[in-house]
Ligand SMILES: [Zn+2]
Ligand SMILES: [Zn+2]
Ligand SMILES: [Zn+2]
């Protein structure tokens with residue numbers, strides 16, 4: 001299994017769109033891995049976690065074949081995870097030729113689907129010229145898409161909608177994608193444990209970075225708490241790769257400063273373009 005981190009910032013990006021704070025200026029000056037776009041990741045070459053407006057930039061920057069993607073899993077409707085308007089550019093009548101895959105299965109919660117229908121004028125389960133089929137994803141109702149078994153999980157985030165995290169397995173390896181969420185609900189640990197889901201890689205929300213965390217996001221103080229609970233539930237162990245991701249400029253530490261701090265805690269720090277094979 002391979003994950004490519006395409007965007008590793010929180011909603012505002014880093015440097016943030018209109019921000020001139022000390023931490024944005026520091027990232028701007030340092031450049032390289034300190035520059036972060038909005039949240040998206042690619043599993044192998046055919047599954048995307050989220051579809052923010054930076055998707056277009058991610059495709060160009062990493063020279064990716066997005067037409068080969070057969071599944072898109074949307075976590076929730078926040079702008080750094082979901083910008084549906086660009087998806088109609090998959091329309092093979094005008095904008096997209098020689099598609100590698102003629103279909104794309106799209107999964108999201110009720111609010112995501114509502115916005116998707118407005119943007120693409122589609123009805124659920126009805127493929128059209130975009131080759132898109134829209135599916136409602138619900139927590140703890142697993143489904144199969146291509147070679148992947150997907151377990152949607154309840155996220156502690158955006159409580160006005162049914163925000164989701166995902167566990168995805170290809171039969172050999174499993175990734176636990178925890179974006180966005182605060183401390184996990186007990187029923188997440190219970191579900192993962194009861195279904196014998198063992199993660200080879202866990203991608204942790206670390207929005208708060210060096211600030212005290214709370215609410216719908218994690219930070220350096222709470223990622224180890226979640227990791228410990230996952231270990232107690234038998235979901236992860238010493239062999240599991242732990243990665244932190246989704247960073248806000250308010251969290252102070254730019255990438256170069258964060259890497260050694262995270263390493264001390266046993267976490268890899270993601271950056272835009274980072275590839276991990278596991
Ligand atoms: Zn986010
Ligand atoms: Zn800033
Ligand atoms: Zn969010």
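Values quoted throughout were computed directly from the atomic coordinates according to the rules given, and no laboratory measurement underlies them. Computed from a predicted structure; not experimentally measured. Every residue, glycine as well, gets a Cβ built from its backbone with ideal geometry; the counts of neighbours run over all protein chains shown.
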Full extension between residue 63 and residue 237 adds, at 0.36 nm per residue less the Cα distance, a length in nm of 59.2 nm
Neighbour-count ranking for 118, 149, 174 (other C-beta within 10 angstrom, fewest to most) reads 118, 149, 174
The extension gain from residue 117 to residue 160, computed as 0.36 nm times the residue separation minus the Cα-Cα distance, is 13.6 nm
extent check for the stretch 148-254: Cα max minus min per principal axis, descending, whole Å, gives 39, 33, 23
Heads up, the stretch 208-278 by the C-alpha gyration tensor (a ≥ b ≥ c square roots of eigenvalues; a/c under 1.5 rounded, else a/b over b/c prolate, else oblate) looks oblate
Comparing 198, 229, 36 in a Gaussian network model of the chain (Cα, 10 Å), the one with the largest mean-square fluctuation is 229
Once normalised by the length of the stretch 1-153, the mean sequence separation of its alpha carbon contacts under 8 Å that are 6 or more apart gives a contact order in percent of 17
Ranked on Cβ counts within 10 Å of their own Cβ, fewest leading, 202, 112, 225 go 225, 202, 112
One would report the antiparallel percent of DSSP beta bridges in the stretch 2-277, rounded to the nearest 5, as 50
When 206, 21 are ranked with the fewest other C-beta atoms within 10 Å first, the list becomes 21, 206
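Averaging over all projection directions, find the projected area of the Cα convex hull of the stretch 2-277 and quote it in nm² with one decimal place.
Its average projected convex-hull area is 13.7 nm².
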The stretch 45-180: spread of alpha-carbon positions along the three principal axes, whole Å, largest first, is 39, 35, 29
